[in-house]
Amino acid sequence: MRIHIASKDEISTDHLRNILTANKFLPYAEYGISIDCLINYIVRNIQDSLEKGSFVLVAEEKNNILGLLVGGKSEWDSKHFGIEIAIIRYLFTSGDYYERRQCAKELLASLSAISKFKLVISRSHTEDIPLVHAIEDSSFQLMDTLVTYYFDFKNKISDFKESCKIEPLKDEMPELKRIAKTSFSEASVATDHFHADHRLNEAKSDSLYEQWVEETSKDKDNVVLVAKIDNRPVGFTTGKINNQLNNYSNKKIGSLILSAVSLEYRQAHVYTSMIQTGLRWFSDKVDIVDLGTQIGNYSVQIAWQKLGFRIVSSRYTWHKWVD
Ligand SMILES: CC(C)(COP(=O)(O)OP(=O)(O)OC[C@H]1O[C@@H](n2cnc3c(N)ncnc32)[C@H](O)[C@@H]1OP(=O)(O)O)[C@@H](O)C(=O)NCCC(=O)NCCS
């Protein structure tokens, strides 16, 4: 098989239809979105990332595309940690188990050969066994396992009553940053892939979410909801409507993304209340709301199930350091 960097012209629905259709693990496939919508969205997404400096590696044999790897610099993480970090956005292959494993291995080896990155981050569906084995063969290390749940508004929102006041963000960002900093470091309940990687600076992994919540609030497409007790902020959750996907999809999707509750107010249903309010906020805007976490974060999964969310997918996060 021949592996080459794809030109812009090769990134079209016509060129990529077969390889995308052959893949059982397209993102959002579990949401009941039609395959044509998904293909159009993914191709557009690859074209956009190409414009922003990503690269696409294509594995080809006799003019057939056997595999595709889309990767690029993870700007935000690279800036935060002060090292060149690459993220593999997509890795698709076709064929039987052996062909897919071999093709993914060769694509990953080609990426290492052309890349100047210090750390490469990749994700794989947990059921994509040929890809999981190829990633292991290529000396990546497992850093976390993520589970995704969703709520479909064709079901009724539960009648859970919020235990505290939840309001959109006004000027509480300094308190939210403090909550984020402690919640994802000394008072964390599950280990994210940054904290799991002991070669990353721990203080920087600790401060990541504090910066993340602040950046999130600057984007007008995001909503930040603040939980208050005695008029003091005690927790927050952030959400976003997935406009890019929704342009292509017959179902509109929104996501609840980052949440935390200050240590003194935990186990008082503050989190469950924020997610319930988040659902209400989304209820006249989208058809589906999704959210995700590390598999070991049991508290949030208890809350999601209580509010009517259902599990839909799971993914591994992998890191490889290039010395
Ligand atoms: C995860 C987190 C947001 C939960 O907040 P919270 O306000 O304590 O959650 P809730 O009180 O709504 O609890 C939800 C359920 O989990 C249970 N639960 C919460 N913490 C628990 C614990 N430490 N042990 C056992 N059960 C726990 C609650 O009892 C509740 O179940 P119930 O409805 O059957 O009583 C909070 O611990 C936190 O900020 N953690 C660090 C950051 C994080 O992991 N964020 C989420 C990922 S984005």
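Kirkwood radius for the chain, taken over all pairs of different Cα atoms as the inverse mean of 1/r, rounds to 20.9 Å. Applying a DSSP loop filter and a limit of 15 other Cβ atoms within 10 Å to the trypsin sites (Lys or Arg not before Pro) in region 156-222 leaves 156, 161, 170, 199, 220. Among the trypsin sites (Lys or Arg not before Pro) in region 116-148, those located in a DSSP loop and surrounded by at most 13 other Cβ atoms within 10 Å of their own Cβ are 116.
Its Cα gyration tensor gives region 236-304 an equivalent ellipsoid, and the semi-axes of that ellipsoid, as √(5λ) in whole Å with the largest first, are 25, 12, 9.
Can you pull out the trypsin sites (Lys or Arg not before Pro) in region 58-99 whose DSSP state is coil and whose Cβ has at most 11 other Cβ atoms within 10 Å? Loop-located and lightly packed - 62. Working from label points 7 Å from Cα in the Cα-to-Cβ sense, the residue 64 to residue 170 distance is 6.4 nm. Across region 253-268, rounded Karplus estimates of 3J(HN,Hα) from the backbone phi angles (6.51 cos²θ - 1.76 cosθ + 1.60, θ = phi - 60°) give 10, x, 10, 9, 10, 10, 9, 7, 10, 5, 3, 5, 10, 6, 6, 10 Hz, Gly and Pro being marked x.
Looking at the P(r) of region 2-139, how many percent of alpha-carbon pairs lie beyond 22 Å? Summing the P(r) tail past 22 Å for region 2-139 gives 36 percent. Pairs exceeding a 32 Å alpha-carbon distance, out of 204/285; 73/251; 52/228; 79/154; 52/252: 204/285; 52/228; 79/154. Here the Karplus relation 6.51 cos²θ - 1.76 cosθ + 1.60, evaluated at θ = phi - 60°, turns the backbone of region 206-217 into coupling constants of 5, 8, 4, 6, 4, 6, 4, 5, 5, 4, 4, 5 Hz, with x for every Gly and Pro. Taken as Cα centroids, region 115-166 and region 33-81 sit 18 Å apart, rounded to the nearest whole angstrom.
Computing FRET efficiency as 1/(1 + (r/R0)^6) for residue 18 and residue 214, where r is the C-beta to C-beta distance and R0 is 41 Å, gives about 0.40. Rounded to the nearest Hz, the phi-derived 3J(HN,Hα) couplings of region 73-88 under the Karplus curve 6.51 cos²θ - 1.76 cosθ + 1.60 (θ = phi - 60°) are 6, 8, 4, 5, 5, 4, 5, 5, 8, x, 9, 6, 10, 9, 10, 8, where x marks glycine and proline.
Stretched out straight at 0.36 nm per residue, the stretch from residue 145 to residue 96 would grow longer than its current Cα-Cα span by 15.1 nm.
Computed from the coordinates by the stated procedures, all read-outs in this text should not be read as laboratory data. Only a predicted model underlies this, so the values are computations on that prediction, with no experimental measurement involved. Counting neighbours? That spans all protein chains shown, and the Cβs are built from the backbone with ideal geometry, glycine included.
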